[in-house]
Amino acid sequence: MSHDRAVRGEPDDLGALRRLDPHAVDRLYREHAGAVLGWVIRLGGPRLDAEDVAHQVFEIALKRLLKEMEAEGAIARRRK
């Protein structure tokens, strides 16, 4: 799910992610884990624990998404 599509078309999912709803986080992970794991394996090579790195990628991405959504909310509140 791209952030742009989520903002325009999936506000319920974004709200659920913002609340760190386990089902929403799990859904996000399941939808993208295969692609992320593939990239980790290709870029990291055989010495890496690919599943561990992929999990870390999701942790970082979720934190950044939440920060971005907070910033967008702050900007929207200032405009009102």
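Pairs under 8 Å by beta carbon, first residue assigned to a loop (DSSP other than H, G, I, E, B) and among the acidic types (Asp, Glu) in segment 1-29, partner open to solvent by less than 50 Å² (accessible area, probe 1.4 Å) and at pLDDT below 80, six or more apart or different chains?
GLU10/MET1
For segment 37-57, which positions are open to solvent by 30 Å² or more (accessible area, probe 1.4 Å) and within 15 Å of the chain's Cα centre (by Cα)?
Within segment 37-57, LEU37, VAL53, HIS55, GLN56, VAL57 meet the criteria.
Out of segment 69-80, which residues are closer than 21 Å to HIS23 by Cα and open to solvent by less than 90 Å² (accessible area, probe 1.4 Å)?
MET69
The values are calculated or read from the model by the stated rules, or taken from the named source; none is laboratory data. Note that the coordinates shown come from a computational prediction; the quantities given were computed from them, not determined experimentally. FYI the Cβ positions are ideal-geometry reconstructions off the backbone, even for glycines, and counts take in every protein chain you see. With ligands, DNA and RNA removed, areas are computed over all heavy atoms of the protein, side chains included. Shrake-Rupley method; radii C 1.70, N 1.55, O 1.52, S 1.80 Å.
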